[in-house]
Amino acid sequence: LEAIPDNPPEIEITGLEQYTYFDFSDIKKIQLQSTITDDYGIDEAYIIATVSKGSGESVKFREEKLNFTETIQKGQRSSKVTKNIDLDGLKMEVGDELYFYIEAFDEKEPKRNVTRSETYFAVIKDTVRSLSLEVMNLVLTKKHCD
């Protein structure tokens with residue numbers, strides 16, 4: 001007999017940059033595509049999405065667990081999953097940020113192996129604030145040049 005260790009699931013996210021920026025007028029949707037594999041079988045997988053609102057000491061965080069469009073069949077060794085994440089549907093506004101990652105569990109007993117993907121970010125740019133910071137910088141630069 002030879003014992004073969006049970007490895008944690010593997011998560012591969014394709015076609016998505018780690019940082020995505022949107023202007024307020026953009027269609028604010030992220031198309032997440034991933035392949036999740038496990039040597040003995042996947043138990044479950046989902047997306048953990050955290051929205052941050054505000055800035056400085058008044059930042060508020062809201063975490064949500066999002067399911068994939070496809071149902072993952074328990075015991076499946078490989079699953080291609082997708083999710084369209086709608087930032088407007090998450091009630092995000094200008095200046096808000098979204099942090100999300102995939103978490104996958106295998107069927108190991110008594111304690112499941114778990115894997116977490118890299119964290120991905122989506123930001124709705126605050127163009128008014130950015131523009132006013134640029135204008136302030138120009139004014140300060142001009143003052144120093146005079």
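Annotations
- Residues in segment 1-35 reached by a label modelled at E103 [backbone nitrogen below 15 Å; 7 Å Cα→Cβ]: 9
- Each of Q31, G41, A3 was placed along the dipole of the chain (beta-carbon charges, centred on the mean Cα), and the one lying farthest toward the positive end is Q31.
- Nonpolar atom fraction for the chain, defined as the carbon and sulfur part of the 1.4 Å probe accessible area, stands at 51 percent.
- Cα long-axis angle, helix 127-145 against the chain (0 to 90 degrees, to the nearest 10): 50
- Over all projection directions, the Cα-based convex hull of segment 44-87 averages an area of 3.9 nm².
- Label assignment, Kirkwood radius over Cα pairs in Å derived from the structure, set (1) 16.3; (2) 17.7; (3) 14.8: (2)
- Listed pairs K29/K83; K83/K108; K80/K125; K83/K125; K74/K108; K29/K74 exceeding 20 Å between Cα atoms: K83/K108; K80/K125; K83/K125; K29/K74
- The loop-placed chymotrypsin sites (Phe, Trp or Tyr not before Pro) in segment 1-35, going by DSSP, include none that has at most 12 neighbouring Cβ atoms within 10 Å of its Cβ.
- Computed over protein heavy atoms with a 1.4 Å probe, the accessible surface of the chain works out to 69 Å² per residue.
The values are calculated or read from the model by the stated rules, or taken from the named source; none is laboratory data. All values derive from a computational prediction rather than experimental measurement. Neighbour counts are summed over all protein chains in view; Cβ atoms, including those assigned to glycine, are modelled from backbone coordinates with ideal geometry. Ligands, DNA and RNA are stripped out before the accessible areas are found, and what is left, the full protein with its side chains, is counted by its heavy atoms. Shrake-Rupley method; radii C 1.70, N 1.55, O 1.52, S 1.80 Å.
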